[in-house]
Ligand code: 1PR
């Protein structure tokens, strides 16, 4: 498609004429105040000169959140990165990627205060190759309601608003969803019906005023803008760097000259958010001092023979890479002894994250030990500093366990949000989609629900002594200490404090392979409006379909089933229940006669590989 000439929807980003031959730039200061539209005062001698090196990509990283994954993806595709230091670097870029992360207002502050916003507008108005990602798309609009209204760059007409959760749609929109491709965008040509990864609470809506920009939409309660394209300017709401091979193809199509790529665009079709399957690696140092992946039975990770050694199931980086290749939708690392160590002193764990993120292009979550901490020298580290180091090392989300219990107890006691808890601090800076709360509850059986002040449920299967009810007591420090708070109360409290997702373990089911605790998952996923990840107990693939069909869980996490390849006994000549569940996504031929429909980016492939079944991803189909 030919580049279209630019016109700004408003006066926000109009520039003086720009010469492409001069390398000199003199930028006037941008007249921008918080919470007001982005306005340029005046410009003198704005000029753009493209650098000539084809292998270099200019990256605008203003230092919030995980830009490491974008860097890794660019390098993985064989390109070098030049970081923007000054507005001049933007104007001189041959191609520019802007992976906006964090919240809208602080990002606009940085763009404004550094002069980068003005340079960006000039660059885009000159139809220079540009790819905005996530917030990098939203900032192109006139304003956002996120902590606002806050003025944006004003290149595209429209206001970025919050998803409406009143119709039962969980916010943030986290996970794999399909695109409705509305016009030729070139960079989306390989996507077809495959899903891409979204994580956001705010979105821009299509309108008559911005329809010329829209190259694809996505449906999540509303139809929102998933990507825009005008000439050489592209922006996507999803994360190509976290969308596996399909996402890498989007980046590749942006980075490589059109002529070197073949392939014909096919229309994407609308779909709903897919359920996610997450591979979890419980990590700790073993008795020999090596960081290993381990796995417990009801949280006991020591062998019963072999002098009670910590079970060693493999190396974290290698296993993460393997599960990514097998089609995991996400990978989680839980540092299970983080509660007693200082995480920033745990250099191997940070290295694991850095190395894993070089080759794993789906979301990475890390948990364990995230809390305020004072080291032996008396130096205080806030939980935000701890989390920041994890984000810098490659995490997309952090998971808080014990500290979330303390924060929830305090909040329920005082009813005051102090803004100081780890959940509040980290979600304020990185967004609530980056904060997972991991709950470690233990079932406590009851004959009479009025015996406790906590929410209890009538059990589907009575307890060992015929008890009909149970409440789920939260624990801390890896299940070692029970606390006076139930999983239900905790989930509601942490949602109010700003958690974006709940990882719901169950100590009773952990490592048992007998299925998820459906009663528990149902209770919690009905109680909150943020996504709930069901965890603990997966033993066969039917357990995934069970938890997805009987509860409102958005994702299911498992560990042992993948580590130990425990699914070998599945009869694959019979249709799996998963087939019924994911009716809009993929076709997978699993035998001479049977076809399976996959949940998202090959998550079932992960299960198949765990079963020793060889399969490979071929375009949008997974063939055995
Ligand atoms: O409290 O903030 O330091 O975080 C500690 C984190 O480590 C928490 O997320 C907590 O769940 C986790 N953790 C602590 N001790 C253990 C343990 O096993 N001894 N692991 C532990 C939790 C539970 C799941 C597991 C699923 C699926 N493991 O993550 O992977 O139960 O297992 P399965 O599919 O094999 O049944 P903090």
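Give the calculated FRET efficiency between residue 468 and residue 377 to the nearest 0.05, with a Förster radius of 51 Å applied to their Cβ-Cβ distance.
Working: r = 54 Å, r/R0 = 1.06.
Step by step, r from the Cβ atoms, then E = 0.40.
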Among 101, 528, 110, what is the fewest-to-most ranking by other Cβ atoms within 10 Å?
110, 528, 101
Please order 229, 564 by the number of other Cβ within 10 Å, starting at the fewest.
564, 229
Length gain on complete extension for the stretch residue 245 to residue 385, per 0.36 nm per residue less the alpha carbon to alpha carbon distance?
47.2 nm
Sequence ranges 207-213, 501-507, ranked by mean other-Cβ count within 10 angstrom, highest first:
501-507, 207-213
By average Cβ neighbour count within 10 Å, what is the ranking of 172-182, 145-155 from highest down?
172-182, 145-155
If one computes the Cα centroid of segment 154-172 and of segment 432-471, what distance in Å separates the two points?
35
As an exercise, use a Förster radius of 30 Å and the Cβ-Cβ distance of residue 83 and residue 564 to find the FRET efficiency, rounded to the nearest 0.05.
0.10
Separation between Cα centres of segment 113-150 and segment 312-332, rounded to whole Å:
36
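Suppose R0 equals 60 Å. What FRET efficiency, 1/(1 + (r/R0)^6) with r the Cβ-Cβ distance, do residue 514 and residue 211 give to the nearest 0.05?
Working: r = 52 Å, r/R0 = 0.87.
Between residue 514 and residue 211 the formula returns 0.70.
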Among 476-486, 188-198, how do they line up from the highest to the lowest mean number of other beta-carbon atoms within 10 Å?
188-198, 476-486
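A short reminder: the numbers here are calculations on the coordinates, not readings from a lab. Every value quoted in this text rests on a predicted model; they were computed, and no experiment measured them. Here the Cβ is made from the backbone with ideal geometry for all residues, glycine too, and neighbour counts use every protein chain on show.
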